[in-house]
Amino acid sequence: MKFRIGYRTIKTALGTTLSILLAQTIGLNNFASAGILTILCIKPTKVKSVKASWDRVLACLMAMLFSTLFFEGITYHPITIGFMLLFFIPTAVMCKAQEGIVSSSVIILHIYMAGNVTFELLLHELGIVIIGVGMALIMNLYMPSAGKKLIQYQAELEDNFRKIMLEIVHYLRTSDSSWDGSELTRTARLIDEAKTMAFQDVENHFRRNDNLYYHYFKMREKQFEIIERILPIVASLPVTVVQGQMIGDFLEELAEHISPGEVPKNFLENLLEMREEFQSMELPQTREEFEVRAALLQLTKEMEQYLMLKNSFKYLKREKKKYRKGSVELQ
């Protein structure tokens, strides 16, 4: 089994050590709790880390208020803790700070064990929260760039699209069905992984609320769905049908132009011309010819949608220069 330590693990270990060391150095009680908060607040992305930190700060402040009211207003007893939680937890949920309920419970227990609420005690607890959360935010200032990996996903995905297209062409020309379809499974996996990484890249940049990579992979996902619908249509075409050879020539040329940029306009024009040519041919005389003609019409409609999806992404080149200012560049 391969042993690997990720950057998040390193940040967690370092941040926890520093937060405990700092809290202990300045003389805070229960200094180890600062390390717990740091562990809980280090998340995979900056946005999630900030959200988790805010939830815990808000919940901890609420915990101090509730503890003061219930312990000092009623009594320091385990029953009081349970009674207080009946009100504290719904309040935290209502304030959308439910992620901080567990960590704030530690603050409640600290105050309970102290047996007396003082300004100094609350100041110490606030210091633990600030150090623990603050250290997590400092550690999460560094996030490795996803640019190279996203470019790699893009290249692999386009290579798979090219291979699938050429396999379809090969079948149309030879009726050879020996292809195992492994590229289909691999493409589906690549799209899911790439979209997840692209979305994380958005959450690691506070000034960026959009990501061209994410839209690119989403577009490829829709195109891939079209390819999956095309496959059974292609399989139904007899190898002797001349239209199948025409479609094969079209797809072969299209495979050579798979790239992040726009599809040349002539592809859509050629497709529409090919559809008109199909419609101008002699009317089908047999049931088989009728089914082939229907399949051809459906196939051309699917390919038209495929090309339209790509052309809807034409703003890519226009935004490319602007996007270079971010952490990654769409190649």
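The values are calculated or read from the model by the stated rules, or taken from the named source; none is laboratory data. This structure is a prediction, so every number in the text was calculated from the model and none was measured. Note that each Cβ is placed from the backbone with ideal geometry, even for glycine, and that neighbours are counted across all protein chains shown. Remember, those area values only see protein heavy atoms, side chains included, never the ligands or the DNA or RNA. Shrake-Rupley method; radii C 1.70, N 1.55, O 1.52, S 1.80 Å.
Of note:
- For the chain, excluding the exposed loop sites themselves (GluC sites (Glu not before Pro), DSSP loop, at most 11 other Cβ atoms within 10 Å), the longest remaining stretch covers 1-255.
- Stretchable slack from MET113 to VAL242, in nm (0.36 nm times residue separation minus alpha-carbon distance): 37.9 nm
- Helix axis angle, 32-41 relative to the chain longest principal axis, alpha carbon, degrees: 20
- Per-residue accessible area (protein heavy atoms, 1.4 Å probe) orders LYS96, LYS163 as LYS96, LYS163, starting from the largest.
- Accessible surface of the chain [probe 1.4 Å, protein heavy atoms]: carbon and sulfur percent: 60
- If the chain linking CYS95 and GLU302 were pulled fully straight, counting 0.36 nm for each residue of separation and taking away their Cα-Cα distance, it would gain 69.7 nm.
- Estimated FRET transfer efficiency (LEU126, GLU156; beta-carbon r; R0 56 Å; 0.05): 0.65
- Tilt relative to the chain, helix 287-311 - C-alpha long axis, 0 to 90 degrees, to 10: 50
- Residue-normalised convex hull volume from the C-alpha trace of the chain: 193 Å³ per residue.
- The accessible area of THR17, taken with all protein chains in place and a 1.4 Å probe, comes to roughly 80 Å².
- A DSSP coil position with no more than 13 other Cβ atoms inside 10 Å describes none of the trypsin sites (Lys or Arg not before Pro) in the stretch 40-69.
- The heavy atoms of VAL50 present about 70 square angstrom of accessible area, all protein chains included, probe 1.4 Å.
- Take the Cα of SER175, step 7 Å toward its Cβ, do the same at ARG189, and the gap between the two points is 3.4 nm.
- Couplings 3J(HN,Hα) of the stretch 76-93, computed from phi: 8, 8, x, 5, 5, 4, x, 5, 5, 5, 4, 9, 5, 4, x, 5, 5, 5 Hz, in residue order, whole Hz [Karplus 6.51 cos²θ - 1.76 cosθ + 1.60, θ = phi - 60°; x for Gly and Pro].
- Here GLU225 and THR9 are evaluated by their C-beta separation; at R0 = 30 Å the FRET efficiency comes out at 0.20.
- Computed log₁₀ I(q)/I(0) - Debye formula, equal Cα scatterers, no solvent, the stretch 1-81, q 0.20, 0.27 Å⁻¹: -0.99, -1.18
- Accessible area of the chain divided out per residue, in Å², using a probe of 1.4 angstrom: 55
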